[in-house]
Amino acid sequence: MTTFLPKEVQAGLDSARLASLKKASRLRVNIDGVTHPVLRMWKTGFSVDASSAPYLRGYVDLYDGAIHLFQCLIVATDEEAGEMIYEFKRATAVADKPALDFEKVPDAPVALLTDRPVVEM
């Protein structure tokens, strides 16, 4: 059995694969105010459609729909099968609240209760 496919058939299969990846993914990368859909994401990087994304490096923001997931420092590494591959140099998760500048004690009281009655005015 041979694994050779004509160029037209291979191009059709690649375009169908890219279309299904675009449709299935909610992930987006925001690069200088321009948003590109992320086709695939893994632990050390992600891929974007090569026809719509330039060769990039620097800081980007990664979103899942409207939820801001990561602030990333990226570098473009390769282009294969219509996908531009980017690797993370740093990916910092975005928190929904500010960082604490003190240690939270696990058995700390939740509120202060006093013996004095509350006076209503």
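The values are calculated or read from the model by the stated rules, or taken from the named source; none is laboratory data. Keep in mind it's a predicted model, so treat the numbers as computed, not measured. Here Cβ is always computed from backbone atoms with ideal geometry, including for glycine, and neighbour counts include all displayed protein chains.
Would you say residue 106 is at pLDDT below 85, farther than 21 Å from residue 33 by Cα and not β-branched (Val, Ile, Thr)?
Criteria not met by residue 106.
For the range 81-121, give me each residue that is surrounded by 10 or more Cβ atoms within 10 Å (Cβ to Cβ) and either farther than 25 Å from residue 55 by Cα or not hydroxyl-bearing (Ser, Thr, Tyr) (or both).
81, 82, 83, 84, 85, 87, 88, 89, 90, 91, 94
Examine the range 98-121 for a residue that is assigned to a strand (DSSP E or B), farther than 30 Å from residue 14 by Cβ and not hydroxyl-bearing (Ser, Thr, Tyr), and state whether such a residue exists.
No - not one qualifying residue is present in the range 98-121.
Out of 45, 65, 58, I need the residue that is among the small types (Gly, Ala, Ser), under 15 Å from residue 28 (Cα atoms) and at pLDDT 85 or above. Which one?
Answer to the selection: 45.
Counting only residues that are under 15 Å from the mean Cα position of the chain (by Cα) and hydroxyl-bearing (Ser, Thr, Tyr), how many does the range 43-99 have?
Adding up the residues that qualify gives 6.
Please go through the range 33-76 and give me each residue that is polar (S, T, N, Q), closer than 27 Å to residue 9 by Cα and exposed (fewer than 13 other Cβ atoms within 10 Å of the Cβ), ordered by number.
Matches in the range 33-76: 51, 52.
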